[in-house]
Amino acid sequence: MPAPKEDYYRGAGRPKLRQKGEKLAPLSERLARIGLASDWDFVLHLPLRYEDETAIVPIGSLKAGVTAQVEGEVTLERVTPRSLTAEVADATGRLQVRLLHFYPSQVRQLERGSRVRLYGEARPAWGAGGLEMVHPKVRRALAEGERLPSTLTPVYPAGEGITQLWLRKRIARALLDVDLSDLMPEALRVKLGLPRLREALLYLHRPPPGADLSALQERTAPAWKRLKFDELLAQQIALRHSRALRSAARAPRLAPQDGGRLTSRLIEGLPFALTGAQLRVWKEVAADLASASPMNRLVQGDVGSGKTVIAALAACRAIESGRQAALMAPTEILAEQHYRGISRWLEPLGVRTAWLSGHMKGAEKREMSARIASGEAQFVVGTHALIQDGVAFHSLGLAIIDEQHRFGVEQRLALRGGSGGLTPHLLMLSATPIPRTLAMSYLADFDVSVIDELPPGRKPVSTRLVSIARRDELIAAVGSEISRGRQAYWVCPLIDENEQLDLTPAKTAFEEIRSKLPAASVGLIHGALPQAEKDAVMESFKEGKTDLLVATTVIEVGVDVPNATVMVIEHAERFGLAQLHQLRGRVGRGSEKSWCVLLYGEPLSETGRERLRVIRQSSDGFEIARKDLELRGPGEFLGARQSGMPMLRFASLEEDGDLIDLAREAAAEWLRTDPQTALRHAKRWFAQREGFLEA
Ligand SMILES: Nc1ncnc2c1ncn2[C@@H]1O[C@H](COP(=O)(O)OP(=O)(O)OP(=O)(O)O)[C@@H](O)[C@H]1O
C-alpha cells in the first residue's frame, strides 16, 4: 500500500513527541540507539518493509494525506470553463476528482462510465464531505488480469529525527564505501545456489522492478537466504573458534588413582538408586573430568529430574583428586538449599564444606575466605559472593554453576578463574530445557547432557485452570489437603498492594488465607524479607512446621520439599511459560498425587490464554520450552546477557533449522581449508562485539 507521506519524510515509526524546549539528542547518539555506527552497520540495516507505489488500493480505505493509487468508474462529471470535476467510485467508496486546468483529452478520459486509474494525494473534499484528489495522474484502468511491474521503495527502521530519505542516502553511500566482495568460497556459494553478497544486499536495499514483494517481506527471497546463511556461518565459525581456543587450555585431570572411593561411597550412601539417565550423565561428566582439556558441559534436566546428585558426584570427584570444588547458585535460597542438601551427603564422608553468602559480615566472611584460600574448605557453595573480590581458591578443580542461564558469560568465566596456569572444569546445570536449534547455535560451545528420565514413582501433577472468582472455594480445598498432612504453596505475582494492578498481593493473600484457615500454620516469604527471616521461613516449611507457604516467585527454582502437593498460582496469566513450569515443578516431587491450580483473572489476553493452554496440556519441559521460544522469540527466551553470544539478527532459529545444519558443516570445512578467511568472515559479522572471538 502506498506510504503515508510521513513515512518518507519523517521516519518510519510514529514520530515521538518531544516536550517543548527539549533538545534532540545528537545524531550519532540517536543512530547508536538503533545500532548504527559503522558503514557495515548501515549496509546491514535492512528495510522493515517495502511500499509498492504501483499497487491499487480500495477507495474506501483511503485516508486524508495519503498518496495512493485507486481505480474506479467515473459516475459523475461536470465541466465548466474553469474546472473539471468528476466522481470516481469502486465497490468500496467514492472519491471526488478536481482539475482546474485541463485538456480536451482529459475530458474524454473522465467521461461518465469510463474506467480510470488515479494516482495522487487524497485530501478532505472541498465543500462536500469525503475525500478528493486534485490534479491526480489520470490513466486508463488496467485490463482484466493485467498487472503492473512493481517498483518497491524500502522503508527502514528509523528512530526519532532520522528520516527515511537521510537513511536511504546514507545507506547508498555505505554500499559504495564498504568492501562487499565475497569471502565465502565460490564452490560453497554455487553449491547452495546463493547470490553474491553484493548482489544480495543491493537486491534488498533497492529491489529491481518486478521483484517479488512477498518473498521479500517473508524473507524467503534468495537474497535473504544469503544473508541468513552468512550470519549463521559466522556464528558457527566463531563458536568453533572459541572452542578450539578453549581446548588449547589445560585443566587438571580429575581421575583418582584409587578409582574414586569418595564417589563410590556417595553412591552407596544415597537413599535411592540412580536412574539410568543419571548414571549415563555421570559417566559423561566423569570422562570429561578425567581429560586434560577443560570440561564445558551443560547438564539439562526437567524439573525434579535429579541434577543435584550429579553436581555432588562431580564435586566428590574433584575432591578425591585433591582439588576444590565450588558451586554457584543464582539466589540465596537456592545456594543455601544446595549447601544443606549436598553437605548432608558429603560431610559424613569427611568432606570439609563451606558456605559463602553475600550477607555475611566482615569477620565471618574473612574467615570463610581464608578457609577457601588455604584449601581447608574442599567444597564451597555460594551466590555471586563467590566471584566477588577477596575470594581466591587454593586449587579449584571444578566450578559448578546452577541455573547457568541466570548468569552472564563474564560471571561464568570469573568463577572458573583458574589457578596455577590450569583452567578448572566447568559444569553447568539447567532446569530450563533449551530447544535443539537454540542449543545448536547459541550453545554450540557447550557439550550437552540430558537427564531425560524422572526418578521412579513420580506421579504426574494434575493441572487445573480456575477463575479467580472461585478463590474461596479453592482456599477451602487447599485446607482439606493440609488437614491430610500435605503442604501447599500459594504463589502471588506481587508483594504489596499496587493501585495500578488489581492483583492479590502476597501480603493480602497471606492475611486472608490465615483468617480463612485458622487451623493451618501459614508462612509468608518474598524477596524483600531480610535474609535471616527468609531462611527461617523456608526452614520451617521444609521441616513441615509450616503447612502453607504464601510466596512470590522467590521459590521458583530448585526448592525441593517432597511433601508439598499443592501449588496455587494466582494470576497465572501474568507468568511466563518457563516460570509456570518451574513453579509447577515444586510439587509432584514425592510419591503423593499433586495438584497445580492456575488461578486466572479475566479477561484473558490472547497470549495469556495460549500460555495457560500450553501449560495445562503439557508437562514436558522441552515441549514447553519449544512453545515458549515460539511465543517469545530467542532474544527474550535466552536474553542477550545470558547467552553471551551475539544474537542473530536475520536468521530465525525456528524457521531456518535447515540452514543451521548447512552452516555447521560449512563452518567446519571452511575452518579446515582456509581458517584465516573464515575468521575474517566471522569478524565482519560480529565486529561490533569486541572480544567475542577471543572469548
Ligand atoms: N534416582 C533418584 N531416585 C529417587 N529420588 C531421586 C533420585 N534422584 C534425585 N532424587 C530426589 O528427587 C528430588 C529432586 O532432585 P533434585 O532436587 O536434584 O532435582 P533437580 O533436577 O535439581 O530439580 P529442579 O530443577 O526442579 O530443582 C530430590 O528430592 C532428590 O533427592
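The values are calculated or read from the model by the stated rules, or taken from the named source; none is laboratory data. This one's a predicted model, so the numbers in the text were calculated from it and none came from an experiment. Here the Cβ is made from the backbone with ideal geometry for all residues, glycine too, and neighbour counts use every protein chain on show. Side chains included, ligands, DNA and RNA excluded: accessible areas come from the protein's heavy atoms. Shrake-Rupley method; radii C 1.70, N 1.55, O 1.52, S 1.80 Å.
Cβ-Cβ distance below 7 Å, separation of 6 or more or different chains: which pairs start in region 340-368 with a residue that is farther than 28 Å from L266 by Cα and end on one that is open to solvent by 40 Å² or more (accessible area, probe 1.4 Å) and part of a helix (DSSP H, G or I)?
These pairs meet every condition: G358/H384.
Scan L524, L503, L474, L517 and give me the residue that is of a type in the set (A, V, I, L, M), at pLDDT below 85 and touching a strand residue (DSSP E or B) at 6+ places or on another chain (Cβ under 9 Å).
When all the criteria are applied, what remains is L503.
Which residue, of T565, T552, is hydroxyl-bearing (S, T, Y), surrounded by 17 or more Cβ atoms within 10 Å (Cβ to Cβ) and over 23 Å from V309 (Cα atoms)?
The unique qualifying residue is T552.
Report yes if L327 is within 15 Å of the ligand (Cβ to nearest atom), within 23 Å of the chain's Cα centre (by Cα), of a type outside the set (G, A, S) and open to solvent by less than 20 Å² (accessible area, probe 1.4 Å), otherwise no. First the steps, then the outcome.
Numbers: within 15 Å of the ligand (Cβ to nearest atom): yes; within 23 Å of the chain's Cα centre (by Cα): no; of a type outside the set (G, A, S): yes; open to solvent by less than 20 Å² (accessible area, probe 1.4 Å): yes.
No; evaluated as a whole, the condition is false for this residue.
For region 207-249, how many residues meet the condition of being within 30 Å of S293 (Cβ to Cβ), in contact with a Lys or Arg (Cβ under 8 Å, 6 or more places away or on another chain) and among the polar types (S, T, N, Q)?
1
From the set of residues in region 315-324 that are of a type in the set (G, A, S) and either within 22 Å of P271 (Cα to Cα) or surrounded by 23 or more Cβ atoms within 10 Å (Cβ to Cβ) (or both), which is farthest from the ligand (Cβ to nearest atom)?
This residue is A318.
Search region 34-78 for residues being within 41 Å of the chain's Cα centre (by Cα) and charged (D, E, K, R), and hand back the single one that is farthest from I171 (Cα to Cα).
Of everything passing the filter in region 34-78, K63 is farthest from I171 (Cα to Cα).
For residues that are more than 26 Å from the chain's Cα centre (by Cα) and open to solvent by 30 Å² or more (accessible area, probe 1.4 Å), scanning just region 587-602, find the one that is nearest to the ligand (Cβ to nearest atom).
Filtering first and then ranking leaves R589.
Looking at (1) touching a Lys or Arg at 6+ places or on another chain (Cβ under 8 Å); (2) closer than 15 Å to L84 by Cβ; (3) of a type in the set (A, V, I, L, M, F, W, C), can you tell me which one L131 breaks?
Among (1) touching a Lys or Arg at 6+ places or on another chain (Cβ under 8 Å); (2) closer than 15 Å to L84 by Cβ; (3) of a type in the set (A, V, I, L, M, F, W, C), the lone unmet condition for L131 is (2).
Just the residues that are within 16 Å of the ligand (Cβ to nearest atom) and buried (at least 20 other Cβ atoms within 10 Å of the Cβ), please, taken from region 510-548.
M538, F541 - these are the residues of region 510-548 that are within 16 Å of the ligand (Cβ to nearest atom) and buried (at least 20 other Cβ atoms within 10 Å of the Cβ).
Hey, D661 hits all of (1) at pLDDT 80 or above; (2) over 30 Å from L46 (Cβ atoms) but one; which does it fall short on?
Of everything listed in (1) at pLDDT 80 or above; (2) over 30 Å from L46 (Cβ atoms), D661 misses just condition (2).
Yes/no per residue for (1) within 13 Å of the ligand (Cβ to nearest atom); (2) touching an Asp or Glu at 6+ places or on another chain (Cβ under 8 Å):
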| site | (1), (2) |
| --- | --- |
| V550 | no, no |
| V566 | no, yes |
| Q582 | yes, yes |
| G585 | yes, yes |
| I615 | no, no |
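Show me the strands (runs of 3 or more DSSP E) entirely contained within region 127-177 in which 3 or more residues are at pLDDT 85 or above.
Output list reads 131-134, 137-140.
Report yes if P185 is in contact with a Ser or Thr (Cβ under 8 Å, 6 or more places away or on another chain), surrounded by fewer than 18 Cβ atoms within 10 Å (Cβ to Cβ) and modelled with pLDDT of 90 or more, otherwise no. Reasoning before the result, please.
Working: in contact with a Ser or Thr (Cβ under 8 Å, 6 or more places away or on another chain): yes; surrounded by fewer than 18 Cβ atoms within 10 Å (Cβ to Cβ): yes; modelled with pLDDT of 90 or more: yes.
Yes; evaluated as a whole, the condition is true for this residue.
Test of understanding: among V303, V299, which residue is within 12 Å of S430 (Cα to Cα), of a type in the set (V, I, T) and in contact with a Gly (Cβ under 9 Å, 6 or more places away or on another chain)?
V303
Return the only residue of S247, S264 being at pLDDT below 90, in a helix (DSSP H, G or I), small (G, A, S) and away from the ligand (no atom under 14 Å from the Cβ).
Sole residue among the options that is at pLDDT below 90, in a helix (DSSP H, G or I), small (G, A, S) and away from the ligand (no atom under 14 Å from the Cβ): S247.
Would you pick out the residues in region 271-314 that are of a type in the set (S, T, N, Q) and either without any contact (Cβ under 8 Å) to a residue 40 or more places away in the chain or within 8 Å of the ligand (Cβ to nearest atom) (or both)?
T275, Q278, S305, T308
Quick grid of which residues meet (1) modelled with pLDDT of 90 or more; (2) open to solvent by 30 Å² or more (accessible area, probe 1.4 Å):
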residue	(1), (2)
L46	yes, no
V66	no, no
E71	yes, yes
T80	no, yes
Q96	yes, yes
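So in region 540-584, with the set limited to residues that are in a loop (DSSP other than H, G, I, E, B) and touching a Cys at 6+ places or on another chain (Cβ under 9 Å), which one is farthest from R471 (Cα to Cα)? Walk me through it before giving the result.
The first filter runs over region 540-584 and keeps only residues in a loop (DSSP other than H, G, I, E, B), leaving 543-547, 552, 556-563, 571, 575-576.
Among the residues that remain, those that are also touching a Cys at 6+ places or on another chain (Cβ under 9 Å) are: 552, 571.
Numbers: T552: 18, H571: 11 Å.
Selected residue: T552.
Can you run down the residue pairs with Cβ atoms below 9 Å, 6 or more apart or on separate chains, where the first is in region 441-469 and of a type in the set (V, I, T) and part of a loop (DSSP other than H, G, I, E, B) and the partner is at pLDDT 85 or above and open to solvent by less than 30 Å² (accessible area, probe 1.4 Å)?
Listed pairs, sorted by first residue: V461/T565; V461/M567; V461/R584; V461/G585; V461/V587; V461/G588; V461/S594; V461/C596.
Can you work out which of the residues in region 619-635 that are open to solvent by 20 Å² or more (accessible area, probe 1.4 Å) and more than 16 Å from S430 (Cα to Cα) is modelled with the highest pLDDT?
S619
For region 453-472, how many residues are more than 12 Å from the ligand (Cβ to nearest atom) and among the acidic types (D, E)?
Of the residues in region 453-472, 1 are more than 12 Å from the ligand (Cβ to nearest atom) and among the acidic types (D, E).
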